[in-house]
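Read-outs throughout are calculated quantities, based only on the coordinates presented, and are distinct from any laboratory measurement. This is a predicted model, so every value here is computed, not measured. Methodologically, a virtual Cβ is constructed for each residue, glycine included, from the backbone with ideal geometry; neighbour enumeration extends over all protein chains shown.
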Amino acid sequence: MRVSVVQMSPGADKSANIDQARRLVGEAISADHPDLVSLPEMWTCLGGTRAAKFEQAEELPEPGSNRPGGPAYEFLRDVARHEKLHVHGGSMAEKGGDKLFNTTVVFGPDGDEIARYRKIHLFDIVAPDGTGYRESNTYGAGDEVVTCEADGTKLGLAICYDVRFPELFLSLRRAGAEVVFLPAAFTLQTGKDHWETLIRARAIETQCWFAAAATWGQHTEGAKNDPRYTYGHSLVCDPWGHVVAKVSDGTGWATARIDPAVTARVRRDMPVLEHRKLG
């Protein structure tokens with residue numbers, strides 16, 4: 001299975017973000033012919049005011065229903081259906097009452113939704129430069145570990161800050177995951193020190209491939225248009241912890257072939273799941 005991770009530089013204008021995604025996804029498909037494309041976290045609306053986030057959020061149709069979704073949802077579904085491939089939709093803001101959810105949707109080649117995951121761990125931290133982030137002010141937390149299947153490969157779903165909680169990824173491995181998708185909008189401050197290190201650690205621990213599409217560049221946050229910067233460096237990592245494909249700065253994409261023989265060999269030669277004593 002060939003996987004492309006798409007790196008975007010989104011802002012708070014959903015229409016412009018969809019146009020950017022359409023261009024980058026189209027270029028990745030034309031150049032690399034992937035079986036699955038993946039987008040970053042909150043590519044539909046990154047930053048802006050709380051009111052703007054609610055305005056741009058979408059009410060997602062019930063899985064399996066024929067009811068249409070919003071513009072971003074339908075864009076993802078149309079790409080899957082038209083290009084006859086799997087689409088991992090990064091994440092978008094899902095309407096959920098008083099709060100939103102940071103939600104991933106995955107589509108099969110027929111355009112049907114095959115999985116939905118709500119981010120479990122919310123980003124409530126103070127960055128090294130003193131900038132505060134309170135994701136829980138706007139978003140509610142999910143509570144389900146989610147996997148799905150694409151072309152006979154079991155996929156595990158996670159989002160950004162989840163990467164700091166290894167127990168989630170152990171749960172995904174135990175649920176049969178072979179490839180973990182980790183869309184992100186990792187801050188520049190934390191990303192330059194932790195992004196690749198954490199992904200490689202989770203890959204080594206779980207002996208899974210990781211496909212991590214990320215946002216890059218500057219956006220603004222809140223009523224004062226405070227600047228925020230995300231790190232980018234979208235990547236694909238193999239179960240031995242090697243980065244096999246990577247985007248640097250700027251927008252773009254990277255493509256790698258997920259080789260099940262590599263997964264099988266790593267798990268056979270070092271059966272860490274069988275050796276685990278705790279957890």
Gain on full stretching of the segment that runs from residue 129 to residue 275 - 0.36 nm per residue minus C-alpha separation:
48.5 nm
Partner aspartates and glutamates for residue 192 [C-alpha distance under 15 Å; skip if fewer than 8 residues away on the same chain]:
129, 249
If you project the alpha carbons of the chain onto the principal axes, what extent comes out on each, in Å, largest first?
54, 44, 34
Specify which residue in the list 66, 263, 177 is farthest towards the positive end of the charge dipole of the chain, using unit charges on the beta carbon of Lys, Arg (+1) and Asp, Glu (-1), about the Cα centre.
263
Could you please state, rounded to a whole Å, how far the C-alpha centre of region 54-85 is from the C-alpha centre of region 227-258?
25
Size of the dipole of the chain about the Cα centre, Lys and Arg at +1 and Asp and Glu at -1 on the beta carbon, nothing else charged, in debye to 20?
480
Sorted by chain and number, the residues with a modelled amide H under 5 Å from that of residue 9, at a separation of 5 or more or across chains, are 216
Report the paramagnetic label zone for residue 143: residues of region 103-122 whose backbone N is under 17 Å from a point 7 Å from Cα along the Cα-to-Cβ axis.
117-122
Given Cβ charges of +1 for Lys and Arg and -1 for Asp and Glu, the option among 225, 240, 252 whose Cα lies farthest towards the positive end of the dipole of region 177-255 is 225
Cβ-Cβ FRET estimate between residue 59 and residue 31, R0 fixed at 51 Å, reported to 0.05
0.90
If amide H atoms are built 1.01 Å from N in the plane of the peptide, which residues on other chains or at least 5 residues away come under 5 Å of the amide H of residue 139?
100
Quick one: work out Rg over Rh on the C-alpha atoms of region 134-279, Rh as Kirkwood radius.
1.00
37 °C / 0.692 mPa s Stokes-Einstein diffusion coefficient of region 1-85, Kirkwood radius on C-alpha pairs, µm²/s
239
Determine ³J(HN,Hα), in whole Hz, for all residues of region 11-19 in sequence, where each value follows from phi through the Karplus function 6.51 cos²θ - 1.76 cosθ + 1.60 and θ = phi - 60°; x replaces Gly and Pro.
x, 8, 9, 5, 4, 5, 5, 5, 4
Please tell me which of these pairs span more than 20 angstrom C-alpha to C-alpha: 14/53; 95/119; 14/95; 154/277?
154/277
Assign unit charges at the C-beta atoms only (+1 for Lys and Arg, -1 for Asp and Glu), then state the dipole size of region 221-279 relative to its Cα centre in Debye, rounded to the nearest 20.
240
Full extension from residue 136 to residue 220: what is 0.36 nm times the residue separation minus their Cα-Cα distance, to one decimal in nm?
28.4 nm
Could you compute the FRET efficiency for residue 95 and residue 165, with r as their C-beta to C-beta distance and R0 at 30 Å, rounded to 0.05?
0.70
Ranked packing of 31-38, 171-178, most packed first, by mean Cβ within 10 Å:
31-38, 171-178
